[in-house]
Amino acid sequence: MSDIMYILRSDNVAARRIGDELMIMSARDSSLYSLNETAAILWQAADGVTLLADIVARDICPHFDIDPDTALRDARELAEDLAACGILQCSPNPFGGTPQGPTP
Amino acid sequence: MSLMHDMGTRALELGIPLSVQLDLTYRCNERCVHCYLDHEDHGEMDTAEILGLLDQLAAAGVFFLSVSGGEIFMRSDLFEILEHARRLQFSVKLKTNAVMIRAAKARRIAALGVASVQVSLYSHDAGTHDGITKLPGSFKRTMEGTRFLREAGVKVEFANVLMQQNADHYKQVQALASEMGVGYTVDATITPMMDGDRGILALNMDADRLSNVFHDTSLLGDQAQTMLAPPSGPTPLEEAYKTLPCSAGHTACYVSPYGDVYPCVQFPYKVGNVREQPFIDIWRDSPQLNDVRAIRVSDLQGCSSCVHGSTCTRCPGLAYMEGNMRGPSIQDCQKSFARTGVPSKNLQRKSTRTIELAIVG
């Protein structure tokens, strides 16, 4: 995958914040995931049309004491892990459609 | 400890209603002989009310939403409701008889990302099934609906309620489920009608057949060792003071088509109505719900010192319908007896009870 990455939340999941964790269940196989704060930020911002680098710069770097290059590298790795679980999609191109609203 | 268990524990600590069953209607195209519902429409919530309720449930933190009835496909706005529920990212489970599901509906259900569909099936034999549902041809339609769902890639589970008429058929239904790539769950208890009428309890299977069902390890799965173990002995007092009887009212509740809120579908103790106050106010502040929440195993009359202790499956709703939510559920005492051959404290008490005859004259 190139340096350019767009991420999109999967439609085929159930999601709810329970306390300080975001719980995600895949409809594909009923696997349940608990996303920590960083993963939850990424997942909620994954509208398919905002660059991952922009999400990191806007939503992660200001809140964590981390340099932008490390944050982006970690975010890419995390996004790929979430994609492997089927709860997020990654692409070098923007996904079609308009940005989705925030999750409950 | 599993993530699911952790989520339940956290929801309990935070007072979150993790699971809600919402019945959209009590109307039904079948007239099952054992059904506990009144099928007349006494003023169901309309589409806007239900969509608004779903918004409230999502805001309250509900994750698992079971959409049931009656027959949910009797509502022409069902897909509008389901689309809204999925937009709100609930994990949605449907309960249906599948009679009205054809290929196009099955594909819509699949596209919505519904977690699973539970289909009521009573027998592998069309005559027996149709005899229970009182709807000629229902077996054929239910099987077709199930096949359409499977072809569309939907996860399906047969719910096989057992009673006198079909108690000997469950092995064949189980085999049919396996052949169709469908899950299988059995329910060996006929419960009273929601209005308290206990007449349908006569349909329950006899004790020997119940015992056979409870000793069938193919039904018990990984619970076999626990369920077939000898009675565990009374719950230790220290534990009994802390142990909750079940999740009803703690992390789960039920909402009827009329907006009435109950601790569980099987626990007809009304704790509020969403047409009169917001769901979250009922969930947090209902005096009746807090009454249910206050019950601990140590409060249960007879049960707290019964030999079946923590292995008992006592249902507080059935106990409530027997007259006391802090009392025993005789149906569950009978199940414990069927599993272990050891009578519960309440069964022993019942068998030694005598009725004095007054001689008048």
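The values are calculated or read from the model by the stated rules, or taken from the named source; none is laboratory data. Every value quoted in this text rests on a predicted model; they were computed, and no experiment measured them. Glycine gets a Cβ as well: all are built from the backbone with ideal geometry, and neighbour counts include every protein chain shown.
Summary of computed values
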read-out: B:S66 touching a Lys or Arg at 6+ places or on another chain (Cβ under 8 Å), polar (S, T, N, Q) and more than 11 Å from chain A (Cβ to nearest Cβ); value: yes
read-out: Positions within the range B:186-200 being surrounded by 13 or more Cβ atoms within 10 Å (Cβ to Cβ) and touching a residue at least 40 places away in the same chain (Cβ under 8 Å), in sequence order; value: B:A188, B:T189, B:I190, B:T191, B:P192, B:M193, B:M194, B:I200
read-out: Of all residues in the range B:202-222 being modelled with pLDDT of 90 or more and over 17 Å from B:F337 (Cα atoms), the one that is surrounded by the fewest Cβ atoms within 10 Å (Cβ to Cβ); value: B:A202
read-out: Any hit, the range B:255-273, residues being in a helix (DSSP H, G or I) and in contact with a His (Cβ under 7 Å, 6 or more places away or on another chain); value: no
read-out: Among (1) within 11 Å of another protein chain (Cβ to nearest Cβ); (2) touching a helix residue (DSSP H, G or I) at 6+ places or on another chain (Cβ under 6 Å); (3) under 16 Å from B:Y254 (Cα atoms) - the single one B:L88 does not satisfy; value: (3)
read-out: B:M4 surrounded by fewer than 22 Cβ atoms within 10 Å (Cβ to Cβ) and closer than 19 Å to B:T251 by Cβ; value: yes
read-out: Single match in B:Q301, B:Q331 (criterion: of a type outside the set (V, I, T) and buried (at least 21 other Cβ atoms within 10 Å of the Cβ)); value: B:Q331
read-out: Single match in B:L210, B:L112, B:L121 (criterion: over 22 Å from B:C315 (Cα atoms), touching a residue at least 40 places away in the same chain (Cβ under 8 Å) and of a type in the set (A, V, I, L, M)); value: B:L121
read-out: Residue that is nearest to B:N29 (Cα to Cα) [pool: residues in the range B:51-102 that are surrounded by fewer than 21 Cβ atoms within 10 Å (Cβ to Cβ) and among the aromatic types (F, W, Y)]; value: B:F79
read-out: Single residue of the range B:153-166 satisfying the filter (surrounded by fewer than 19 Cβ atoms within 10 Å (Cβ to Cβ) and in contact with a helix residue (DSSP H, G or I) (Cβ under 7 Å, 6 or more places away or on another chain)) that is nearest to A:R28 (Cα to Cα); value: B:G153
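The rows are residues; the columns are (1) buried (at least 19 other Cβ atoms within 10 Å of the Cβ); (2) more than 30 Å from B:G8 (Cα to Cα); (3) more than 9 Å from chain B (Cβ to nearest Cβ); (4) more than 14 Å from the chain's Cα centre (by Cα).
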residue	(1), (2), (3), (4)
A:I4	no, yes, yes, yes
A:L8	yes, no, yes, no
A:V13	yes, no, no, no
A:L32	no, no, no, yes
A:A40	yes, no, yes, no
A:A45	yes, no, yes, no
A:V49	no, yes, yes, no
A:D54	no, yes, yes, no
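Rundown of residues vs (1) closer than 20 Å to B:C253 by Cα; (2) facing chain A (nearest Cβ under 10 Å), yes/no style:
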| position | (1), (2) |
| --- | --- |
| B:T25 | yes, no |
| B:N29 | no, no |
| B:E40 | no, no |
| B:G113 | no, yes |
